[in-house]
Amino acid sequence: MAIEISKGLFYSSLLTNERGVNKLEKLYQSGVDSLRQKMASFFPHPVEMELTGFFFLPFSWLINNLEHTPTAEMGFHSRVTGDLKGELYLCYSRETAMELISLGMRKKRTVRKFFLTKFDESFLSELTNILINTFWYSLYEELPTRWWLTPPCSVSNVLKSIQLASKIYSLDRRVLMAEISAYNPDFKMELIFIPAGESLNTFLAKLE
């Protein structure tokens, strides 16, 4: 019975293409490996990263999850157009923002005095641009696709931005949420993709 309930909650037509989904998860893992290598050259010492979550969730479940997690306090949004269409978000907590800035500046920043200077914002924007493009390029290497990413723009309230997106995309739509965890220092980021139309189905079929 538990299996049937789980299937009822998370079952999606996307998941009928099991081979395509498994291949996509492996590509996400490769993307995280690429991020680890890129961050090693960006920061003074290596940052261990791994893919700790890979979920297809109903849009309504995603919004409910974001309402109860601090991970989505800050973030960046990029629009995907071309053969693959949708909205891409990279989000994280204020603590994570301070950890990233501290790594880049080689000086510890405290969350109690959370305040982003123009330099901090520029640094986070540049870092996010590198992360998203490095990750996305790992997908392109496996399956060249005609897609384009708009430059990531800062989103001060990720939840509100995604709630606005729900007015365009139906709440029963399945969205892809990947959790990326880092160690030493410890922090987490969420990479969320809201697909438009049937473009993700087509992409998964090509992967298969």
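What to note about this one:
- Net charge of the neighbourhood of Pro151, taken over other residues with C-beta under 15 Å away and scored Lys/Arg +1, Asp/Glu -1, is -2.
- The spacing between the range 138-167 and the range 37-106, judged by their C-alpha centroids, is 11 Å.
- Across the cross-link table entries Lys85/Lys206; Lys167/Lys188; Lys85/Lys188, which are compared at the Cα atoms, the separations over 18 Å belong to Lys167/Lys188; Lys85/Lys188.
- Label-zone membership for the range 61-90, site Ser156, 7 angstrom Cα→C-beta point, backbone N under 18 Å: 72-77
- Over all pairs of different C-alpha atoms in the range 27-94, the reciprocal of the mean inverse distance, the Kirkwood hydrodynamic radius, equals 14.3 Å.
Readers should treat all values here as calculations from the given coordinates under stated rules, not as data from a laboratory. Just so it is clear, the structure is predicted and the values come from calculations on it, not from any experiment. In this analysis, Cβ positions are derived from the backbone assuming ideal geometry, glycine residues included, and neighbour counts consider all displayed protein chains.
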